[in-house]
Amino acid sequence: QVQVVESGGGLVPPGGSLRLSCTASGNIFINRFMGWFRLAPGKQRELVASMTIGGEITYADNLKGRFTISRDNAKNTAWLQMNSLLPEDTAVYYCNVAGIAGSPMTYSTFDSWGRGTQVTVAS
C-alpha cells in the first residue's frame, strides 16, 4: 500500500508564495506520475501540474508562469512552488501518485491520493 502525504498549505496574502510538498511512501518500485490537483468550493477538481518520472511536465494553462512543479525521484517527493498567489487559488490541494509497487512476483499498479492541504489566499 502506498501512502501519500501533502504539507505546506496555509494562509497567505494575495501576491504571496507557498511551497507545497508531497511524499509517497511504501513499497514503491516505479513512481511514474506525480501530480497536483485542487478542489475549490463550488468547482470541479482540476489538474494544477504534473510531472512524470521521465521529466515530462504538464501545467494548467491558466497557471503557467506562476506555479512550478519539481520532483526528486529517489525520494518519491514532489513540490509545487506557487508564486503571485490570487484569491482564486484558494482550494484544497491534493497530490496524486501513480506507478508500480510491491515485490518481485507481486508487482501491481497503484494510484494513490493524499488527504490534501488547504491553501487560502486572503488579506
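The values are calculated or read from the model by the stated rules, or taken from the named source; none is laboratory data. Since this is a predicted model, take the numbers as computed values, not measurements. Note: ideal-geometry Cβ built from the backbone for every residue, glycine included; neighbour counts use all protein chains shown. Calculation scope for accessible area: heavy atoms of the full protein, side chains included, ligands and nucleic acids excluded. Shrake-Rupley method; radii C 1.70, N 1.55, O 1.52, S 1.80 Å.
Before moving on, here are some points about what is shown:
- When restricted to residues that are open to solvent by less than 20 Å² (accessible area, probe 1.4 Å), in a loop (DSSP other than H, G, I, E, B) and β-branched (Val, Ile, Thr), the stretch 93-123 contains 0.
- Scanning the stretch 92-123 for residues that are of a type in the set (A, V, I, L, M, F, W, C), out of contact with any Phe, Trp or Tyr (no Cβ under 7 Å at 6 or more places or on another chain) and closer than 14 Å to residue 7 by Cα yields a single hit, 92.
- Test: residue in the stretch 43-57 that is under 12 Å from the mean Cα position of the chain (by Cα), of a type in the set (S, T, N, Q), part of a strand (DSSP E or B) and more than 29 Å from residue 106 (Cβ to Cβ): no
- Verdict on residue 85 being touching a Leu at 6+ places or on another chain (Cβ under 9 Å) and within 14 Å of residue 6 (Cβ to Cβ): no
- Filter result (touching a strand residue (DSSP E or B) at 6+ places or on another chain (Cβ under 6 Å), outside any strand (DSSP E or B) and farther than 18 Å from residue 115 by Cα) within the stretch 1-13: none
- Residue list for the stretch 42-52, restricted to those being modelled with pLDDT of 95 or more and surrounded by fewer than 20 Cβ atoms within 10 Å (Cβ to Cβ): 43, 44, 45, 46, 47, 52
- Qualifying residue in the stretch 10-29 (condition: of a type in the set (A, V, I, L, M, F, W, C), open to solvent by 70 Å² or more (accessible area, probe 1.4 Å), in contact (Cβ under 8 Å) with a residue 24 or more places away in the chain and in contact with a helix residue (DSSP H, G or I) (Cβ under 8 Å, 6 or more places away or on another chain)): no
- Scanning the stretch 71-95 for residues that are of a type in the set (Lys, Arg) and free of Cβ contacts under 8 Å to residues at least 40 places away in the same chain yields one hit, 71.
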